[in-house]
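Student: I have a structure I would like to understand better, so I am pasting it below and will then ask my questions one at a time.
Readers should treat all values here as calculations from the given coordinates under stated rules, not as data from a laboratory. Just so you know, these numbers come straight off a predicted model, no measurement behind them. Using ideal geometry, Cβ is built from the backbone for each residue, glycine included, and neighbour counts are taken over all protein chains shown.
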Amino acid sequence: MNREHNEIDWLRLHEIIDQHCLEERWSLIPLIQEIQKENGYIPPRAIPVIAARLKVFPSVVQGVISFYAQLYTEPRGRNTIRVCRGTACHVRGGKTILKLVKQHLGIDEGETTEDLEYTLETVACIGVCALAPSMVINEQVYGRMNPKKVGQLLKRKEEDHDPA
């Protein structure tokens, strides 16, 4: 799904590039991290620009982006929901929790809602096995999830973001 915005602030992109030590390969990771922080993702059309300014091939830039799971070339939701797939969560119903979240959001794992409100991810372990099954919305951990809690939590999140 490619929903790259046409509204890239190219002037700001070049300012960010100029702030980093140009022609130095070591500046690539901090540079793309800052571009992502500014835009919410790394616009694919920016990759050749970054490569040219750093005097590397675009494949080098793309390779770094694809190597790190926390770097994205697609717009992401304002809220990230991570559902745990660890053993404790799986045994205690994590698969059902994931299914309910998918149904509620209308997306699959790794996807973002069309309104860019939510991105759904799964993780190997959140690290709160005693609270299984668990999920994280942004940085907030929610444990001992069940179908009712999922519905209440996602409904409350929608109400928090309702512009009406």
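Student: Please report 67, 57 as a ranked list, fewest other C-beta atoms within 10 angstrom at the top and most at the bottom.
Tutor: Numbers: 67 9, 57 12.
In increasing order of surrounding Cβ atoms, one gets 67, 57.
Student: Order these by the 10 Å Cβ neighbour count, fewest first: 91, 101. Please report the intermediate quantities before stating the final value.
Tutor: Values: 91 12, 101 23.
Ordered by Cβ neighbours within 10 Å, fewest first: 91, 101.
Student: With an 8 Å Cα cut-off and a minimum separation of 6 or more residues, compute the relative contact order for the stretch 10-67 in percent.
Tutor: Relative CO of the stretch 10-67 lands at 32 percent.
Student: While we're looking at this one, here's another question. Under the rule of at least 5 residues apart or a separate chain, name every residue whose amide H is placed under 5 Å from the amide H of residue 86.
Tutor: Those lying under 5 Å, H to H, from residue 86 are 126.
Student: From the Cα gyration tensor of the stretch 10-67, with a ≥ b ≥ c the square roots of its eigenvalues, which class applies: rounded if a/c is under 1.5, or else prolate if a/b is larger than b/c, or else oblate? If you can, show how the numbers build up before the last one.
Tutor: Values: a/c = 1.40, a/b = 1.09, b/c = 1.28.
Judged from the Cα gyration tensor, the stretch 10-67 comes out rounded (a/c under 1.5).
Student: Please sort by residue number the trypsin sites (Lys or Arg not before Pro) in the stretch 55-116 whose DSSP state is loop and whose Cβ has at most 15 other Cβ atoms within 10 Å.
Tutor: Loop-located and lightly packed - 55, 78.
Student: Order by neighbour count: 97, 8, fewest other Cβ atoms within 10 Å first, most last. Can you show the working numbers first?
Tutor: Values: 97 24, 8 15.
Ascending Cβ contact count within 10 Å gives the list 8, 97.
Student: If you place +1 on the Cβ of every Lys and Arg and -1 on the Cβ of every Asp and Glu, how big does the dipole about the Cα centre of the chain come out, in debye to the nearest 20?
Tutor: About 960 debye.
Student: Under 19 Å from the Cα of residue 155, which lysines turn up, not counting those fewer than eight places away in the same chain?
Tutor: Excluding near neighbours in sequence, the set is 99, 102.
Student: Only sites in a loop by DSSP and with at most 16 other Cβ atoms within 10 Å count here; which chymotrypsin sites (Phe, Trp or Tyr not before Pro) in the stretch 71-164 make the cut? Walk me through the numbers before you get to the answer.
Tutor: On the way: sites: 72, 118, 142; in loops: 72.
Listed in order of number, the matching sites are 72.
Student: Ordered by residue, what ³J(HN,Hα) values in Hz, to whole numbers, does the stretch 117-122 give under the Karplus form 6.51 cos²θ - 1.76 cosθ + 1.60, where θ = phi - 60° and Gly and Pro are x?
Tutor: 7, 10, 10, 10, 10, 10
Student: At R0 = 30 Å, how high is the FRET efficiency between residue 10 and residue 121 if r is their beta carbon distance? Nearest 0.05 is fine.
Tutor: E(calc), rounded to 0.05, equals 0.55.
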